[in-house]
Amino acid sequence: QVRLVESGGGLVQTGGSLTLSCAVPGSLFPLTAAEWNRQSPGNQRELVAKSTSDGPPVYGDSLKGRFTISVDNAKNVVYLKMTSVKPEDPGVYYCAVCEADGRYYWGRGTQVTVSS
């Protein structure tokens with residue numbers, strides 16, 4: 001069973017930084033897209049960042065400039081660098097990737113908690 005594994009979540013202070021990692025099975029490469037989504041209690045899952053093979057990254061509202069998505073094809077890892085973390089940023093962060101045939105695969109998520 002194909003599985004993505006997120007890591008790097010935890011407690012971060014408001015204004016601080018955190019980098020999330022998503023280990024992707026090499027068999028899924030080359031990727032056509034890689035995403036980070038998040039879900040907080042009582043809210044729908046929302047797009048945080050999306051990297052595609054044919055265009056610039058796309059970011060959710062108010063996240064551009066604070067979050068950065070990147071893909072390391074040599075290490076088979078998708079990263080999300082979070083900076084200037086805000087009180088509204090906590091939630092479970094999910095990694096998703098799309099392989100060449102259009103199928104999406106998801107991880108189980110990693111929890112991010114923000115303290116004031």
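The values are calculated or read from the model by the stated rules, or taken from the named source; none is laboratory data. All of these numbers come straight from a predicted model, not from anything done at the bench. Quick reminder, even Gly has a Cβ in these numbers, built from the backbone with ideal geometry, and neighbours come from all protein chains shown. SASA here: full protein model, heavy atoms, side chains in, ligands and nucleic acids out. Shrake-Rupley method; radii C 1.70, N 1.55, O 1.52, S 1.80 Å.
This model, with +1 at the C-beta of Lys and Arg and -1 at the C-beta of Asp and Glu, gives the chain a dipole about its Cα centre of some 180 debye. A dipole drawn for region 47-116 from +1 and -1 charges on Cβ atoms has a positive end, and of GLY107, GLY60, VAL92 the residue lying farthest that way is VAL92. In the full protein context, the chain carries 54 Å² of accessible surface per residue, based on a 1.4 Å probe and ignoring ligands, DNA and RNA. Across region 34-44, computed HN-Hα scalar couplings (Karplus, 6.51 cos²θ - 1.76 cosθ + 1.60, θ = phi - 60°) run 9, 9, 10, 10, 9, 9, 10, x, x, 10, 6 Hz from first to last residue, x flagging Gly and Pro. Bridgeable aspartates and glutamates around LYS50 (alpha carbons under 13 Å apart, same-chain partners fewer than 8 residues away excluded): GLU35, ASP61.
Which number do you get for Rg(Cα) / (2.2 N^0.38 Å) in the chain? Write out the running numbers ahead of the final one.
Values: Rg = 13.5 Å, N = 116, 2.2 N^0.38 = 13.4 Å.
Relative to the 2.2 N^0.38 Å estimate, the chain comes out at 1.01.
Taking GLY42, GLY16, GLY55 as the candidate residues, the one with maximal mean-square fluctuation in a Gaussian network model of the chain, Cα springs under 10 Å, is GLY42. Apolar share of the accessible surface for region 1-100: 49 percent from carbon plus sulfur atoms, 1.4 Å probe.
Relative contact order (percent) for the chain, with alpha-carbon contacts under 8 angstrom and 6 or more residues of separation?
Values: 286 pairs, mean separation 43.2, N = 116.
Taking the mean separation of contacting Cα pairs over the length of the chain, I get 37 percent.
Sort 64-70, 30-36 for me by packing, meaning the mean count of neighbouring Cβ atoms within 10 Å per residue, highest on top.
Details: 64-70: 15.9, 30-36: 19.7.
Top of the packing list down: 30-36, 64-70.
3J(HN,Hα) along region 3-18, derived from phi through the Karplus expression 6.51 cos²θ - 1.76 cosθ + 1.60 where θ = phi - 60°, amounts to 9, 9, 10, 8, 7, x, x, x, 8, 9, 7, 3, x, x, 10, 7 Hz, with x in place of Gly and Pro. Rounded to whole numbers, the Karplus 3J(HN,Hα) couplings from phi for region 51-59 are 10, 10, 7, 10, x, x, x, 10, 10 Hz, using 6.51 cos²θ - 1.76 cosθ + 1.60 with θ = phi - 60°, and x at Gly and Pro.
Beta-bridge orientation, region 1-95: approximately 95 percent antiparallel, per DSSP, counting only bridges with both partners inside.
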